[in-house]
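As structure tokens, the structure follows; a few thoughts come after it.
Readers should treat all values here as calculations from the given coordinates under stated rules, not as data from a laboratory. This structure is a prediction, so every number in the text was calculated from the model and none was measured. Backbone-built Cβ (ideal geometry, glycine too); neighbour counts: all protein chains shown.
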Amino acid sequence: MIDAHQHFWKYDPVRHDWITDDMRVIRKDFTPPDLHPHLVKHGFDGCVLVQVDQTEDETRMLLEWADAFDFIRGVVGWVDLRSDSLGERLSFYKHQSRLKGFRHIIQGEKAGFMDQPALVNGVKLLSRWDFTFDLLIYHYQLEEALRFVRQIPDTRIVIDHIAKPAIAEMEIAEWKKYMRAMAECPNVWCKVSGMVTEANWSSWKPNDFDPYLDVVADVFGPDRLMYGSDWPVCLVAASYDDQFAIVREFVQRFSADESERILGGNAIRFYNL
């Protein structure tokens, strides 16, 4: 079992200014010893550690944590995917066995960011070194994201947090249309993660997520879905136990073998853990 999406950081109020006042519960350090008891409690063998800063300094720090704690099975770091020297950086990072892929926080970028040829070419280049790409977007960026992924058929891409649909508003139609189209690209996978932070933080109910889970189950199937906690960000809306309970119930609709894939096997395949 693999938690395919979680974070660690040494909190800095300037670097982590995205942690707003209403998220103050996570305005502190989160390090590997803080997560490990949750993984053990629920039977997880390891996790995938994902970037939150847009710096290579953070990538180095994440790799140091991965070297120190065996349960961190892989790291998704950051590199400037639009840089002219990207090939040199990827060649350097290929010697870091725990580094599996890269992510850019596209959810915070302006419209048109994914249309840049330099970004498209950079994500294409990842496949040459067998690196993956985590696609972090909001639901309203899906039309642009679809143009983006259709140009990149050879790089393994995973949509973080089911593309952050407007669960609090129970909006689904446009998100569903574009998620179905995204799933038609065989190299695109989806993380069943980060959902509680898109719902009403204080009053969500487990069945709020059912319509969205029905869609990803239908369009991606059990071979291209993977579980991620999005801990500690999830703590603004749910404990580790509560957010995992949603996915644990979700996988009951699948066979034992299929649920094992969603809870770990697919992450192992996608990230080459």
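Projection of the Cα convex hull of the stretch 2-271, averaged over all directions and equal to a quarter of that hull's surface, yields 13.0 nm².
Rounded to 0.05, the FRET efficiency of the residue 187 and residue 36 pair, given R0 = 30 Å and the Cβ-Cβ distance, is 0.40. Taking the charge dipole of the stretch 2-271 about its Cα centre, with +1 at Lys and Arg Cβ atoms and -1 at Asp and Glu Cβ atoms, the residue from 55, 219, 126 reaching farthest to the positive side is 126.
When the stretch 1-76 is described by a simple charge dipole with +1 on each Lys and Arg Cβ and -1 on each Asp and Glu Cβ, the residue from 19, 2, 69 located farthest towards its positive end is 2.
Each peptide in 209-222, 107-120 was scored by the mean count of other Cβ atoms within 10 Å over its residues; highest first, the order is 209-222, 107-120.
Between residue 255 and residue 54, the simple label model (points 7 Å from Cα in the Cβ direction) yields a spacing of 4.5 nm. Over the chain, dividing the summed -39,500 (n - 2.57) contributions of all DSSP H runs of at least 4 residues by the number of residues returns a 222 nm mean residue ellipticity of -10000 deg cm²/dmol. Convex hull volume of the C-alpha atoms in the stretch 227-273, normalised per residue: 70 Å³.
Annotation for the stretch 120-168 versus the stretch 49-97: alpha-carbon center distance of 18 Å. Simple point charges give the picture: +1 on the Cβ of Lys and Arg, -1 on the Cβ of Asp and Glu, and for the chain a dipole about the Cα centre of about 520 debye. Counting Lys and Arg as +1 and Asp and Glu as -1 over every other residue whose Cβ lies under 13 Å from the Cβ of residue 13, the net charge comes to +1.
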